[in-house]
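The values are calculated or read from the model by the stated rules, or taken from the named source; none is laboratory data. Since this is a predicted model, take the numbers as computed values, not measurements. When the accessible area is computed, the model is the full protein with side chains, heavy atoms only, and any ligands, DNA or RNA have been set aside. Shrake-Rupley method; radii C 1.70, N 1.55, O 1.52, S 1.80 Å.
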Amino acid sequence: MDAFVKFTNQSQGRDRIFRATQYACALSIYLLRNNCEKKDLVAKLKSLETTMSAGRKSNINRALYFICDNALWARSVGLIRDIDKERWSLNASRCYFFSLIMNLTRDVYVILQLMSQKVRDKHFRQKMDAHLNESPEVADVVVPQLDAFLFLLLESLKSQPAVAWDTLKNICDLFIPLDRLGIYQSNAGVVGFCGLVSSVIGIITLVQPTFKIKP
């Protein structure tokens, strides 16, 4: 209980709980959208989703997205009226999209560095050779080079879980602006699910700092 209180006392902790609740509501609304008997529940979930979205304090360390996100927040609570909500929402999504691209670029760079280190390790090369030789039938189905690459990738990610968590989080987050900008349109269910997964990972990395990638 003390750990939960300490977690919620942090602005980041509250923000991530609100975000997880917001996307859990979005996913639930999508799953219940055709259930006529749950109309009242859907209405309550929509209200809760709106409340969570408006109540979140964006603490993302991305200046442009921070400005757009907080302008939208001010518009939603009535502090600012003369603002084009759609335009600012699209601008926020564009900033969010580019920041995620930068984060994923960093993740790929770190992963490549880890893979390079693994390849130079004599013990790892022996482990890889043993893996490739223990299942010779795999060569008939999978290209040996691809099998070796996947083995190297998985072992590299296992050696640095923080990188794996961060990469998964950024990939999940990417579906949100992709859908909003019309680059890759999915549906509210996919966006809600990806947002929920990303939020849960965010909570995990906040509770366990060792799972958080270093800048």
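Counting only protein heavy atoms and using a 1.4 Å probe, the accessible area of residue 40 comes to about 120 Å². Solvent-accessible surface of protein heavy atoms, probed at 1.4 angstrom with all chains present, puts 180, 94, 33 in the order 33, 94, 180, largest first. Rolling a 1.4 Å probe across all protein chains gives residue 109 an accessible area of roughly 140 Å². Extension gain, residue 31-residue 171: 0.36 nm per intervening residue step, less the Cα-Cα distance, totals 48.2 nm.
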